[in-house]
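Take a look at the structure below.
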Protein chains: 2
Amino acid sequence: MQDIVERLLNGDRRALARMVTLIENEIPQSRRFLAELHQHAGRAHIVGVTGAPGAGKSTLVTHVVREYRRRGHRVGVVAVDPSSPFTGGALLGDRIRMMELAGDPNVFIRSMASRGSLGGLSAATRDVVRAMDAAGYDPIIVETLGTGQAEVEVMRAAQSVLVVVAPGMGDEIQAIKAGIMEIADIFVVSKADKANANQTKAELAMLLSLDSSRRAHDQDAWRIPIVMTAAIKDQGIAELVDAIERHRAYLIESGALATRSERQVRSEVQSLILQAAVNALKAQVSEEEWQRLITDITTRECDPYSVANELERRIGLNP
Amino acid sequence: MQDIVERLLNGDRRALARMVTLIENEIPQSRRFLAELHQHAGRAHIVGVTGAPGAGKSTLVTHVVREYRRRGHRVGVVAVDPSSPFTGGALLGDRIRMMELAGDPNVFIRSMASRGSLGGLSAATRDVVRAMDAAGYDPIIVETLGTGQAEVEVMRAAQSVLVVVAPGMGDEIQAIKAGIMEIADIFVVSKADKANANQTKAELAMLLSLDSSRRAHDQDAWRIPIVMTAAIKDQGIAELVDAIERHRAYLIESGALATRSERQVRSEVQSLILQAAVNALKAQVSEEEWQRLITDITTRECDPYSVANELERRIGLNP
């Protein structure tokens, strides 16, 4: 079992696939393996790709992977789906198209779906990226389904975040204002062969010029580019990969990569600790007891503060 | 100091104002007071009002409060602003307009701004609602600034959630799809004297008919109404208050109120415990030590899992 780490480090795809499964199933032993893998990770550039459903992200990712392959890279792809009843079907189709890449031994693709908490999905994504990184894949592309809070969380683990907008999706631009804007490093106008693509580009440029939230940000000096792509015609893809590589160089030279990594590591450690608290609660308090406690609070026989205090004591937090 | 609880329960506004300040400043003693207040709370109906900036929420709330006053209610209002550089100015204006109500001794209004974490704001809002509830205000209206994740979190503590949409704000309808939909109990089309208000109503009706996410929800039997209001003409306000009261009656009769309260209480207890873990970490680990640990992880001298384990041990979680 131990040699899964060695085999993974030697580039064995089956060992990597096995590790991803261990992570997804939250096998406790995976932590020990991941701790070892951490020593060998940190070389890959992590590229996040987000945008509303229908923006053309999967097609774009497929073409970006091909361009990286042309440049001699081994590429990892993690497709993250916070589960949603609305878009599951469409998504599956996208993923099948992307699987065309899977015949290439230098491309490693895994889909991850949310089965539990949002925090759990972010943590699992981070761990899968770590495993791919240790296995020598670089870059690793993390693609999310939409632009909600779950997606923003997942994107926080990326180093270069691409926000993809299709022409005429004014709603998306609104969504960008709402939260994605703060994490975007590169804007991509997909389907740029459409007539209204230039208008979308102009709207994005306007949005960028108005944006004040970035001023306090770690990348004042990075001017967010807007790259026009038409993936099915393979237009703009080389330019997009150039932009990603420029952003990567910028992050290293400016020191922003170190700042960003430190923030990510701190957030990871804190999440691990909070997850441990949640697990301790699960181990200490049965569903039956929860029900009884909740009823006592709603009937005002006791109050939430005292119950929390008592449970904190039981999991060791409040000795 | 103890008599603040007694005075508050007797309806003393200054005692309530004092309590809110204790909550906002996270004075540890406030917990003890809140535990007592909890016994006397639980009578108020908690109405959440959310919607994109510009939807006309504050004007609507002002008129809803007046209507409740006409019906003889004492009304509490909590205006929650997850801090945002974009809208601070506009918001202030809205709040000043709302303050016209503040001359009424049977209306209690407080604004709350995010100064720390999202979790902190939700918890403080919940505690302020509890204090107003114990002081005999009913209903208590919780208004948020926008429709982001912070707002959704705050809305989870409400019993009837109003989502306000202004005519022609197609972008908002998109935002509704993204997450607000799941928590809406009543839709309000504000500024219904505008020409395109009926179109907006039709769009919302379409959205509701398509929505499948509610099927697994606790309120299958509640058909979300769409209420048209023109607050400045005082049109539709009585109908809206009627709809809120119908929803309140529905929640009680169907048993959904109990289910909802239980879910809210459980979430509150869990949040309190996680907050205690965060506080324990703050007390145990200095900023200097954090920096050292983070650097050790980023330079691969140690790994996040081992660091988390060690810190869990130090705060008592992992003995």
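Results for (1) of a type outside the set (A, V, I, L, M); (2) modelled with pLDDT of 85 or more; (3) surrounded by 22 or more Cβ atoms within 10 Å (Cβ to Cβ), shown as yes or no for each residue.
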site: B:Val142; (1), (2), (3): no, yes, yes
site: B:Thr147; (1), (2), (3): yes, no, yes
site: B:Asp171; (1), (2), (3): yes, no, no
site: B:Ile183; (1), (2), (3): no, no, no
site: B:Gln199; (1), (2), (3): yes, yes, no
site: B:Gln219; (1), (2), (3): yes, no, no
site: B:Trp222; (1), (2), (3): yes, yes, no
Of the residues in the range A:276-295, those that are more than 9 Å from chain B (Cβ to nearest Cβ) and either assigned to a loop (DSSP other than H, G, I, E, B) or surrounded by 16 or more Cβ atoms within 10 Å (Cβ to Cβ) (or both) come to A:Val285, A:Ser286
Within the range B:1-34, the residues that are away from chain A (no Cβ under 14 Å) and outside any helix (DSSP H, G or I) are B:Met1, B:Gln2, B:Asn10, B:Gly11, B:Asp12, B:Asn25
Within the range A:60-113, of all residues that are of a type in the set (D, E, K, R) and over 23 Å from A:Ala134 (Cβ atoms), the one modelled with the lowest pLDDT is A:Asp94
Yes or no: the range A:35-50 includes at least one residue that is assigned to a loop (DSSP other than H, G, I, E, B), more than 30 Å from A:Asp234 (Cα to Cα) and within 13 Å of another protein chain (Cβ to nearest Cβ). yes
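Can you tell which of A:Ser261, A:Ser254 is at the interface with chain B (Cβ under 9 Å from one of its Cβ atoms) and closer than 30 Å to A:Phe187 by Cβ?
So the residue among A:Ser261, A:Ser254 that is at the interface with chain B (Cβ under 9 Å from one of its Cβ atoms) and closer than 30 Å to A:Phe187 by Cβ is A:Ser261.
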When A:Arg246 is run through (1) within 7 Å of chain B (Cβ to nearest Cβ); (2) modelled with pLDDT of 95 or more, the failure sits at (1)
### Message
Any residue that is buried (at least 22 other Cβ atoms within 10 Å of the Cβ), part of a loop (DSSP other than H, G, I, E, B), away from every other protein chain (no Cβ under 13 Å) and modelled with pLDDT of 80 or more - is there at least one of those in the range B:116-135?
### Response
yes
Checked the range A:264-275 for anything within 7 Å of chain B (Cβ to nearest Cβ) and within 19 Å of A:Ile183 (Cβ to Cβ); matches are A:Val265, A:Arg266, A:Glu268
Inspect the range A:245-257 for any residue being surrounded by 21 or more Cβ atoms within 10 Å (Cβ to Cβ), touching a helix residue (DSSP H, G or I) at 6+ places or on another chain (Cβ under 7 Å) and under 30 Å from A:Ile226 (Cα atoms) and give the result as yes or no.
yes
Expected output for the range B:308-319 (first residue at the interface with chain A (Cβ under 7 Å from one of its Cβ atoms) and in contact (Cβ under 8 Å) with a residue 12 or more places away in the chain, partner buried (at least 18 other Cβ atoms within 10 Å of the Cβ) and assigned to a loop (DSSP other than H, G, I, E, B), Cβ below 6 Å, 6+ apart or cross-chain) is B:Gly316/A:Gly316; B:Gly316/A:Leu317; B:Leu317/A:Gly316
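In the range A:237-260, what count of residues is obtained for those that are of a type outside the set (D, E, K, R) and free of Cβ contacts under 8 Å to residues at least 40 places away in the same chain?
Narrowing the range A:237-260 to residues of a type outside the set (D, E, K, R): A:237-238, A:240-241, A:243-244, A:247, A:249-252, A:254-259.
From what's left, free of Cβ contacts under 8 Å to residues at least 40 places away in the same chain: A:249-250, A:252, A:254-256, A:258.
Number of matching residues: 7.
The values are calculated or read from the model by the stated rules, or taken from the named source; none is laboratory data. All values reported here derive from a predicted model rather than from experimental measurement. No Cβ is skipped: glycine too gets one built from the backbone with ideal geometry, and neighbour counts run over all protein chains shown.
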